[in-house]
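Data block below; observations after.
The values are calculated or read from the model by the stated rules, or taken from the named source; none is laboratory data. Just so we're clear, the structure is a prediction, and the values are computed from it rather than from any experiment. Counting neighbours? That spans all protein chains shown, and the Cβs are built from the backbone with ideal geometry, glycine included.
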Amino acid sequence: MLWHSKRKHRAEMAEATENKEQVKDSRTLEEKIVDTLRTVYDPEIPVDIYELGLIYKINIDENAGVEVVMTLTSPSCPVAESLPLEVEEKVRRVEGVSASIVTLTFDPPWEKEMMSEAAMVELGFM
């Protein structure tokens, strides 16, 4: 009886783990990309670039090629060359992405009002 109970428990645990993996994998490609963008920070600001409002658009084509349209806090930003490359590289590594490119734009120019509420709180604007 005890052996059967342990076996059943192990089977239930395995099924629960499998269900967690299915839920985890059910995230859309865009959600995975956004999660990745939340790991990229402007080195001068302690808020990720997504919450900072630097990501204007995420375009995903039928072949899972991704274009990230983003801006910087200013055209003279010290990380103007490195930050877009970091974004491109990290997005390219997201499971399911076949290619990535970053398009940098300053239209419209970034303003602090583009930040999320969480970012404003973190930076003391609220």
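Observations, loosely collected:
- Residue tally, condition of a type in the set (D, E, K, R) and within 18 Å of Asn59 (Cα to Cα), over the stretch 85-126: 8
- Against the criterion of being among the hydroxyl-bearing types (Ser, Thr, Tyr) and assigned to a strand (DSSP E or B), Ser76 does not qualify.
- You will find that of Ser26, Ser98, the residue that is over 24 Å from Gly124 (Cα atoms) and at pLDDT below 95 is Ser26 and no other.
- Test: Val121 is touching a helix residue (DSSP H, G or I) at 6+ places or on another chain (Cβ under 7 Å) and either in a strand (DSSP E or B) or of a type in the set (A, V, I, L, M, F, W, C) (or both): no
- Residues that are touching a Lys or Arg at 6+ places or on another chain (Cβ under 8 Å), without any contact (Cβ under 8 Å) to a residue 60 or more places away in the chain and surrounded by fewer than 15 Cβ atoms within 10 Å (Cβ to Cβ), drawn from the stretch 81-123: Ala99
- Residues of the stretch 40-77 satisfying the condition of being under 16 Å from the mean Cα position of the chain (by Cα) and of a type in the set (D, E, K, R): Asp42, Asp48, Glu51, Lys57, Glu67
- Residue among Asn63, Asn59 that is at pLDDT 95 or above, within 25 Å of Glu117 (Cα to Cα), surrounded by fewer than 17 Cβ atoms within 10 Å (Cβ to Cβ) and polar (S, T, N, Q): Asn59
- Qualifying residue in the stretch 91-111 (condition: assigned to a helix (DSSP H, G or I) and within 19 Å of Glu31 (Cα to Cα)): yes
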